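Heads up, the thing below is written out as structure tokens.
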Amino acid sequence: MSAAKKILLIQGHPDPAPERFCRKLAAAYADGAREAGHEFRAIDIATLDFPLLRERAAWEKGLAPAALRPALDAIACADHLVFVFPLWLGDMPALLKGFLEQAMRPGTAFRYRDKGMPEKLLKGKSARIVVTMGMPAPIYEWFFRAHSLKSLERNILGFVGVSPVRRSVVGMVEGSDEHRRKWLAKLRRLGAQAR
């Protein structure tokens, strides 16, 4: 096993109901990580109360809401980030997007420079994106070209320096119990590997 890592899992399902499969996947990942000796923390977007950003000036020059400061500190301290969320209308749920807009702001995730590209403040961190959906995963990846995943990987995480970013696309979540068991076992293994 590799050295112990500080893992932060961001649960992006806006519904706090424990029966949601995203929550079961996150629990499996957490179990694997803890059993392997990794330091594990989690943020549950559904439990946070924060405003949505409505203007550029608030994003660029404003301070993150006090309710999100512990989450921002946890992101800064983590070695590995894990995002778990369902695909809604072809993208991440709005609450997760609102959280990322607050979290990935100037001065926190990147810093503007006088010239050239911004400085990436989250360099050295890796990430895993776990997205669930009702359709078969190959349809999303090939026909729809995984556009929302690519946006999160490149336009958000890549922009602030997170690399590598790996993905687990869990299709047919309403499928068989055996299908779900396989995914839960896979997430447990990924947690142990901090991947």
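No lab work stands behind these numbers, since they all come straight from the coordinates. None of these values were measured; they are calculated from a predicted model. Every residue, glycine as well, gets a Cβ built from its backbone with ideal geometry; the counts of neighbours run over all protein chains shown.
Calculate the dipole size of segment 108-195 relative to its Cα centre from +1 charges on Lys and Arg beta carbons and -1 charges on Asp and Glu beta carbons; express the result in debye to the nearest 20.
Taking the Cα centre of segment 108-195 as origin, the dipole is about 420 debye.
State the percent of C-alpha pairs, over all pairs in the chain, separated by a distance greater than 21 angstrom.
On the way: 9696 of 18915 pairs.
Of the Cα pairs, 51 percent sit more than 21 Å apart.
In whole Hz, with x marking every Gly and Pro, tabulate ³J(HN,Hα) for segment 28-41 from phi via Karplus 6.51 cos²θ - 1.76 cosθ + 1.60, θ = phi - 60°.
5, 4, 4, 4, x, 5, 5, 4, 8, x, 7, 7, 10, 10
For segment 52-70, list residues with backbone N below 15 Å from a point placed 7 Å from the Cα of Phe159 toward its Cβ?
Only 53-61 pass the distance filter.
Which one, Ile139, Ala27, Gly107, projects farthest toward the positive side of the charge dipole computed for segment 6-193 from Cβ point charges (K/R +1, D/E -1)?
Gly107
Kindly provide the helix-only [θ] at 222 nm of the chain, computed as the sum of -39,500 (n - 2.57) over DSSP H runs of four or more divided by all residues, to the nearest 500 deg cm²/dmol? If you can, show how the numbers build up before the last one.
Numbers: 6 runs with 61 residues, N = 195.
The per-residue figure over the chain is -9000 deg cm²/dmol.
Which residues' amide hydrogens lie under 5 Å from the amide hydrogen of Asp15, considering only partners 5 or more residues apart or on another chain, with H built in the peptide plane?
none
Amide H of Ser168 versus every other amide H placed in the peptide plane: which residues, excluding those fewer than 5 positions away on the same chain, fall under 5 Å?
When sequence neighbours closer than 5 places are left aside, the close amide H contacts are Ile129, Val130, Val131.
Tabulate in residue order the Karplus-calculated ³J(HN,Hα) for segment 179-190, using 6.51 cos²θ - 1.76 cosθ + 1.60 with θ = phi - 60°, rounded to whole Hz; enter x for Gly and Pro.
With the stated coefficients, segment 179-190 comes to 4, 5, 4, 4, 5, 5, 5, 5, 5, 5, 5, 4 Hz.
May I ask what percent, to the nearest 5, of DSSP beta bridges between residues of the chain are antiparallel?
Of the beta bridges lying entirely in the chain, close to 10 percent run antiparallel.
Using the Cα centre of the chain as the reference point, and only Cβ charges (+1 on K/R, -1 on D/E), how large is the resulting charge dipole? Debye, rounded to the nearest 20. Walk me through the numbers before you get to the answer.
On the way: 32 positive and 20 negative charges, 131 e Å.
I would put it at about 640 debye.
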